[in-house]
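Below is one structure; the comments refer to it alone.
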Amino acid sequence: MLLCAQQHMEIDAKVALDVFTVEWLRRVKQEHEDRVRHLTALGPERATTVVRMVGSVHGNAVELSRETAANAVTAGRRFPLYLESYSRHGVEIDLRHIPGEQAAAAWDACRRGQPSLLSAGDQGHR
């Protein structure tokens with residue numbers, strides 16, 4: 001394990017032998033190596049384009065936050081890609097202006113690919 005001189009003195013001190021055990025040091029080293037391997041292995045093929053949705057589903061307000069999207073993507077050992085937009089939140093599908101989800105007009109609008117579903121800042125990224 002690569003340490004600075006001060007850290008070596010602290011770890012090697014006789015009073016710290018029961019604190020900095022071989023098992024603890026190996027675990028810390030392995031966790032660090034795993035973290036570095038994960039961070040340096042994120043090439044462009046590991047990107048996941050994030051598409052956020054805001055609106056109402058079954059009467060409940062729904063909004064996928066940037067943080068929630070990032071947590072979901074990184075859990076799969078990938079990284080979130082937010083396409084350029086004015087809001088800096090990537091592509092956003094806005095369902096707030098669609099008639100009620102039970103209304104036939106809502107389903108017709110979705111089938112037609114109603115352009116107003118995309119936020120104004122993201123029109124070029126359909």
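Please treat every number below as a calculation from the coordinates, not as lab data. The structure presented is a predicted model; accordingly, all values stated were derived computationally and were not measured. As a convention, Cβ positions derive from the backbone with ideal geometry for all residues, glycine included, and neighbour counts pool all protein chains shown.
Can you give the FRET efficiency to the nearest 0.05 for residue 78 and residue 15, using r as the Cβ-Cβ distance and R₀ = 35 Å? Could you put the intermediate results ahead of the total?
Numbers: r = 44 Å, r/R0 = 1.26.
Efficiency computed from Cβ-Cβ geometry: 0.20.
Scanning residues 5 or more positions from residue 64 or on other chains, those with amide H under 5 Å from its amide H are 53, with H placed 1.01 Å from N in the peptide plane. Between residue 51 and residue 3, full extension at 0.36 nm per residue minus the direct alpha carbon distance yields a gain of 13.0 nm.
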